[in-house]
């Protein structure tokens, strides 16, 4: 291959990738654009690199051959160049796998996201442009594939088979995109999602194919391993894109890749002959299978015969109907109890504590005279009671029930006082809510039965809760203060009683003592009086002298024992002086 | 023809039959309406279920519409009541397609229809609310609450317009909640807090009062108890004092003269203490012996 040819091919690949990205932009939106652009660019880059290096090698080989240098040297150079030639593709095929895998994963992720996005309102002009571009690129790719085949034949190499296959695959992808856009534009059927998912699956299969082959290669003999396969070669693509019988193709391919001759086995020969009938028969069977429906436990089956819902519904078990599209049996889970929750958007799973946020998006409802707010969590359990009505009345029974339940909740709570709702009217509120909701559901003929309505959690808004809790604290404090005062009373009164008792006892004892002492003294007096009656003078003298002894002993005294009394000077501060002019004796 | 050729022809025929059938027939389900258009011109409106034939696309194409009720919530909008209070009243709308052809011509798709109905309902809701007081939305007096009337008024305002313009029947307009704007909600919360704290203060004051009362009563009781004991003690003492006096008097009355004598001696003992200086007559009883005489005898 010449360098000019290589450049041509490289440029073509790059152009294809860019244009490809543009089509996808028109058809699928941004995420898919990005994915396909990445994929296309990677493929283009790999091929460009591969052809460039290969072409350089060949060119240098050619140049040396033409220069006519010595034989041994020429041989050495040639083998060296050959070695490099053999080594490079193998190395690149590893990177190719890695990049393809990464691109496929990225593309898959982006496409799944695109699939979940609501279908954008695509304008007619952009759709038409997309179709034209898709077709143009498909044609371009088809030409590229042909070119690669011709080039491969001219160079007598199988290395370009892979490129040809990828080009042809991309041609089909472009065709599919154009078709899906056309269907969207003219038949208002959105097949973009299906197309996108199919492409993801095929790419994933290609990557898997390449990986498996890379793994199997290591089981082959060293010489076969060295001769690396052409880039982009794929069993799967070969299976679907070759014109000959696909099983023959698989057989030769497997032989080439694994060294096993499948074509000689009995099973393979049978498969080859029975292929077409088998495919037809299985398609027919698949269609007939739509006539049988198994209604699982807890469900009811509603027969739909030429678009009409047939009453009565059938119970669980095996049921026959005409095959699709003439009739079908739609399954409705009639026994399953579902739940909707009013009052908040999402349950965080936290404990339900009033002062902490336990639900996300809690809604406050106005009660009282519009002066009070309450947060209420109401679970409503319901089940489908009439499957026909359920299918015919509304498309989203769950959302409908949610709307109706909010309305009933407002009706039940708006004329009540918040404390009444929180306390004694709870049961009444939930019962009224249930009957009211059932009536509203029946009025629309939704075919639902309200099984249970509960008031899981009613509390004042989180911001007010501390105040509510403070009231409880205050009540407790009131009780505490009273209890403390009672404790004081319980301590003080017995103490007083004890004190009083002591005082009484002391007084009684003292009184008794006084009386007894008096009695004792009286007795003593009587005794003495009795005694002195016998000899009053002697008795009295004794007593008197005893008294004098007691009174005078140890006292300062002056005894005047003269007839002429001395002058006595009394000075309280000094010793008493007795004048010496008179007779007498001082006794101190 | 070989066996393979037979099979191939059969397969091709089968695929062709299926394709032709798929392109020329369509089904109308009981819960949907279909309008068949030929090159964009509506030719048939099918509301009854069944299998129907048509020319293949692109000559004739099928437009399907869900004939069931659709519920959606109108966009949140603040409105003013008659007594000039701002309220947010979210409402839901239940509607279904009543005239498929008009629906196709005027709105064409459910999201489009919802947007149009939303405008009608929101405007009607604001009109209806302006005729009612706030107290008619939320009130503890059940007879004052006029939510049902408001809903009916909205339906009455919206239904003819929706039917004539969009081919849509309004089955119900329901008020889901009555809410206040954020700022007003804050005030309500503050008011609730104030109301609660009033109770808290009341309970605390009650507690203090009751406790003080109990303490005061206790103190009073104790004082009375001690005073009674004191009274008893005094009385007891007085009584025993009296008893003692009586006993003394009884005993002394038996020999008053001797009692006086003994009492005088006792008084003498008590009166003369360590600081007393006595000047005594040497002729007195024990001292007369100091003069060496026998004395005149101990008289007295």
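The values are calculated or read from the model by the stated rules, or taken from the named source; none is laboratory data. Remember, it's a predicted structure, so these values are computed and weren't measured experimentally. Because the Cβ atoms are built from the backbone with ideal geometry, glycine has one as well, and the counts that use them run over all protein chains shown.
Structure summary
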item	result
Hey, residue A:525 more than 7 Å from chain B (Cβ to nearest Cβ), surrounded by 16 or more Cβ atoms within 10 Å (Cβ to Cβ) and at pLDDT 80 or above or not	no
Residues located in region B:37-57, provided they are more than 11 Å from chain A (Cβ to nearest Cβ), assigned to a strand (DSSP E or B) and over 59 Å from the mean Cα position of the chain (by Cα)	B:38, B:41, B:42, B:43, B:44, B:53
Residue B:13, sole failed condition from (1) surrounded by fewer than 18 Cβ atoms within 10 Å (Cβ to Cβ); (2) in contact with a helix residue (DSSP H, G or I) (Cβ under 8 Å, 6 or more places away or on another chain); (3) outside any strand (DSSP E or B)	(2)
One residue from B:201, B:251, B:229 being part of a helix (DSSP H, G or I), within 8 Å of chain A (Cβ to nearest Cβ) and loosely packed, with under 14 Cβ neighbours inside 10 Å	B:201
Lone unmet requirement of (1) under 24 Å from residue B:92 (Cβ atoms); (2) at the interface with chain B (Cβ under 10 Å from one of its Cβ atoms) for residue A:418	(1)
Given (1) within 9 Å of chain B (Cβ to nearest Cβ); (2) part of a helix (DSSP H, G or I), number of the condition residue A:494 does not satisfy	(1)
Residues being more than 10 Å from chain A (Cβ to nearest Cβ) and either within 30 Å of residue B:107 (Cα to Cα) or in contact (Cβ under 8 Å) with a residue 40 or more places away in the chain (or both) - total across region B:137-172	21
Hits in region A:310-353 - residues which are under 25 Å from residue B:31 (Cβ atoms), touching a residue at least 60 places away in the same chain (Cβ under 8 Å) and in contact with a strand residue (DSSP E or B) (Cβ under 7 Å, 6 or more places away or on another chain)	A:313, A:330, A:337, A:338, A:340
Hits in region B:254-291 (condition: modelled with pLDDT under 80 and in a helix (DSSP H, G or I))	B:287, B:288, B:289, B:290, B:291
Strands (runs of 3 or more DSSP E) enclosed by region A:332-403 - at least 2 residues per element that are more than 29 Å from residue B:140 (Cβ to Cβ)	A:338-342, A:372-384
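To keep it simple, each residue is scored yes or no on (1) more than 30 Å from residue A:414 (Cβ to Cβ); (2) within 14 Å of chain B (Cβ to nearest Cβ).
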residue	(1), (2)
A:301	yes, no
A:322	yes, yes
A:331	yes, no
A:345	no, yes
